[in-house]
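Enquirer: Quick one: structure below, then a few questions.
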């Protein structure tokens, strides 16, 4: 009995250390393809088997995007594979559109910005916060090819400068 209590305490300490947030999926390619102007947090309406599948960490955000339709915010092309133990009635469509939960004022603001300017709504991160599935959505502007190249060149130059400074400090150079 004492050993079980120790294991429970150990798990609770590990849970407190990593916090309540648990990232399920990130859209790494979006950081290269788009310049983020603003980010929003939105809740996600899911079915039961989708939640279980997300807890396994199997979702993909690569091709996903969000759009305002009929005054509601929807997430399209997010792939959540069916849960392996769900079959028949409990299974879900992996690529269905999913409703995002945000305040009416935020929806109106996003709709105005995407219609007036050439901006898109891109999901950046999918995570659990206090047991609820959340999506971080960015209001983004697409980058041109030369912007991507410039970004890579400046990043590489910064890395090289940091390497040189580290080397100089390491050997005590003047």
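The values are calculated or read from the model by the stated rules, or taken from the named source; none is laboratory data. Since we're looking at a predicted model, the values are computed, not measured. Every residue, glycine as well, gets a Cβ built from its backbone with ideal geometry; the counts of neighbours run over all protein chains shown.
Enquirer: Please tell me if residue 141 is touching a strand residue (DSSP E or B) at 6+ places or on another chain (Cβ under 9 Å) and closer than 18 Å to residue 25 by Cα.
Expert: Here the answer is no, as residue 141 does not meet what is asked.
Enquirer: Please determine whether any residue of the stretch 80-92 is touching a helix residue (DSSP H, G or I) at 6+ places or on another chain (Cβ under 9 Å) and assigned to a helix (DSSP H, G or I).
Expert: yes
Enquirer: Oh, and also: Within the stretch 57-76, how many residues are under 17 Å from residue 103 (Cβ atoms), assigned to a loop (DSSP other than H, G, I, E, B) and in contact (Cβ under 8 Å) with a residue 24 or more places away in the chain?
Expert: Going through the stretch 57-76 one residue at a time, the tally reaches 1.
Enquirer: Can you confirm whether residue 115 is assigned to a helix (DSSP H, G or I), under 22 Å from the mean Cα position of the chain (by Cα) and either farther than 28 Å from residue 58 by Cα or at pLDDT 90 or above (or both)?
Expert: Against the criterion (assigned to a helix (DSSP H, G or I), under 22 Å from the mean Cα position of the chain (by Cα) and either farther than 28 Å from residue 58 by Cα or at pLDDT 90 or above (or both)), residue 115 does not qualify.
Enquirer: Take the conditions touching a strand residue (DSSP E or B) at 6+ places or on another chain (Cβ under 9 Å) and modelled with pLDDT of 85 or more and apply them to residue 97. Does it pass?
Expert: yes
Enquirer: Going through 122, 107 one at a time, which residue ends up being touching a residue at least 24 places away in the same chain (Cβ under 8 Å), on the phi < 0 side of the Ramachandran plot, out of contact with any helix residue (DSSP H, G or I) (no Cβ under 8 Å at 6 or more places or on another chain) and surrounded by 12 or more Cβ atoms within 10 Å (Cβ to Cβ)?
Expert: Among 122, 107, only 107 is touching a residue at least 24 places away in the same chain (Cβ under 8 Å), on the phi < 0 side of the Ramachandran plot, out of contact with any helix residue (DSSP H, G or I) (no Cβ under 8 Å at 6 or more places or on another chain) and surrounded by 12 or more Cβ atoms within 10 Å (Cβ to Cβ).
Enquirer: Next question. Going by what's in this entry, would residue 63 be described as at pLDDT 90 or above and within 19 Å of the chain's Cα centre (by Cα)?
Expert: So residue 63 does not fit the description; no.
Enquirer: Would you check if residue 116 is without any contact (Cβ under 8 Å) to a residue 12 or more places away in the chain, closer than 22 Å to residue 30 by Cα and surrounded by fewer than 17 Cβ atoms within 10 Å (Cβ to Cβ)?
Expert: Judged against the criteria, residue 116 is a match.
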